[in-house]
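A.B. asks: Mind looking over this structure? Questions follow.
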Amino acid sequence: GDSVTQMEGPVTLSEEAFLTINCTYTATGYPSLFWYVQYPGEGLQLLLKATKADDKGSNKGFEATYRKETTSFHLEKGSVQVSDSAVYFCALSSYSSASKIIFGSGTRLSIRP
Amino acid sequence: GAVVSQHPSWVICKSGTSVKIECRSLDFQATTMFWYRQFPKQSLMLMATSNEGSKATYEQGVEKDKFLINHASLTLSTLTVTSAHPEDSSFYICSAPIAAGVRGTDTQYFGPGTRLTVL
């Protein structure tokens with residue numbers, strides 16, 4: 001079945017460092033790919049998405065490119081801030097899963113001032 | 001943007017009792033809603049798909065008699081944890097999609113979650 005694999009955390013970085021969180025997927029058909037973020041004490045929020053190959057999703061300085069050839073959707077940010085500390089989930093949705101969201105295991109990110 | 005609410009936000013109950021959690025789409029209609037379970041520091045596990053006017057579809061390994069789902073209207077789905085036990089303690093999250101049309105991708109909106117603690 002469909003699945004998502006993302007790098008395990010926790011990840012700790014200093015402020016203004018470059019961030020990469022790796023994500024790869026397995027799916028039948030052509031899934032849509034997402035990054036969700038869960039800030040401490042809050043609900044899940046959509047950070048960005050890409051719906052077809054070579055699309056780049058971006059939001060709040062974060063970017064991820066849908067790479068069909070490598071089945072990847074790595075999350076990047078050039079300069080992280082303390083406020084980016086949160087748990088990040090890579091996820092997919094495909095027509096074969098009837099719009100269900102399949103989540104990766106989550107990566108906890110902590111940014112030091 | 002679209003809003004999904006959950007009630008209650010947290011609940012503590014005694015072992016053996018049943019607990020009902022509501023999920024509402026506040027400004028849109030949802031014929032389908034999804035229920036997830038999240039253990040501490042872990043990912044969201046899809047439990048079931050709630051379908052308005054028909055039976056819910058449960059994921060493999062989820063006990064349908066334990067987790068009763070009722071999609072009473074186009075804006076309300078309820079999850080009832082029956083005869084709760086301490087191992088049912090978890091964070092339960094619902095989501096509802098807004099269809100983007102034939103060529104689009106549904107956008108999922110998540111509720112804030114309900115923390116259940118079973119003593």
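The values are calculated or read from the model by the stated rules, or taken from the named source; none is laboratory data. Keep in mind it's a predicted model, so treat the numbers as computed, not measured. Please note: Cβ atoms are built from the backbone with ideal geometry, for glycine as well, and neighbour counts cover all protein chains shown. Ligands, DNA and RNA are excluded from the accessible area calculation, which covers all protein heavy atoms including side chains. Shrake-Rupley method; radii C 1.70, N 1.55, O 1.52, S 1.80 Å.
A.B. asks: Report the Stokes-Einstein translational diffusion coefficient (µm² s⁻¹, integer) for chain A, Rh taken as the Kirkwood radius over Cα pairs, at 37 °C with viscosity 0.692 mPa s.
C.D. replies: 235 µm²/s
A.B. asks: Here is a follow-up. Within a 10 angstrom radius of each residue's Cβ in B:34-47, how many Cβ atoms of other chains show up on average? Whole number is fine.
C.D. replies: The per-residue average across the peptide is 4.
A.B. asks: Still on this model: Could you state the accessible area per residue of chain B in Å², with a 1.4 Å probe and every protein chain left in place?
C.D. replies: On a per-residue basis, chain B sits at 51 Å².
A.B. asks: When a/c is below 1.5 the answer is rounded, else prolate if a/b is larger than b/c, else oblate, so apply that to region A:38-104 with a ≥ b ≥ c taken from the square roots of the Cα gyration tensor eigenvalues.
C.D. replies: Verdict is oblate for region A:38-104.
A.B. asks: Defining a contact as two alpha carbons under 8 Å apart and six or more residues distant in sequence, what relative contact order in percent does region B:1-95 show?
C.D. replies: The normalised contact order for region B:1-95 reaches 34 percent.
A.B. asks: Can you put A:K56, B:K14 in order of accessible area, largest first, using a 1.4 Å probe? Mind showing how you got there, number by number?
C.D. replies: Values: A:K56 120, B:K14 150 Å².
Order by accessible area, largest first: B:K14, A:K56.
A.B. asks: Using the Cβ atoms and a cut-off under 12 Å, what net charge is assigned to the surroundings of B:A72, where Lys and Arg are +1 and Asp and Glu are -1?
C.D. replies: So the surrounding residues net to 0.
A.B. asks: Identify all lysines with a Cα-Cα distance to A:K100 below 29 Å; exclude those on the same chain that are fewer than 8 residues away in sequence.
C.D. replies: A:K49, A:K52, A:K56, A:K60, A:K68, A:K77, B:K20, B:K41, B:K55, B:K64, B:K66
A.B. asks: Moving on. Could you give the length gained on full extension between B:A72 and B:K55, defined as 0.36 nm per residue of separation minus the Cα-Cα distance, in nm?
C.D. replies: That works out to 5.1 nm of additional length.
A.B. asks: Which of these, A:S14, A:S85, A:S32, has the largest mean-square fluctuation under a Gaussian network model of chain A (Cα springs below 10 Å)?
C.D. replies: Result: A:S14 has the largest fluctuation of those listed.
A.B. asks: For region A:5-113, what is the accessible area per residue in Å², given a 1.4 Å probe and the full set of protein chains?
C.D. replies: Value for region A:5-113: 47 Å² per residue.
A.B. asks: Rg (Å, one decimal) plus Dmax (Å, integer) for the alpha carbons of chain B?
C.D. replies: When restricted to the Cα atoms of chain B, Rg and Dmax are 13.9, 48 Å.
A.B. asks: When only Cα pairs under 8 Å and 6 or more residues apart are kept, what is the percent relative contact order across chain A? Don't skip to the end; give the middle numbers.
C.D. replies: Numbers: 305 pairs, mean separation 42.1, N = 113.
Reported as a whole number, the value is 37 percent.
A.B. asks: Now, a different point. Any chance you could get the radius of gyration and Dmax over the Cα atoms of the protein assembly as shown, in Å?
C.D. replies: Rg and Dmax of the protein assembly as shown, Cα atoms, are 17.8, 52 Å.
A.B. asks: For region B:1-57, give the percent of accessible area contributed by carbon and sulfur heavy atoms, probe 1.4 Å, rounded to a whole number.
C.D. replies: Working: 1630 of 3110 Å².
That share works out to 53 percent.
A.B. asks: Right, here's the next one. For chain A, which whole-number percentage of the solvent-accessible area (1.4 Å probe, protein heavy atoms only) is attributable to carbon and sulfur atoms?
C.D. replies: 49 percent
A.B. asks: Considering the protein assembly as shown, which cysteines have no disulfide-compatible partner, defined as another cysteine with its Cβ under 4.7 Å away?
C.D. replies: B:C13
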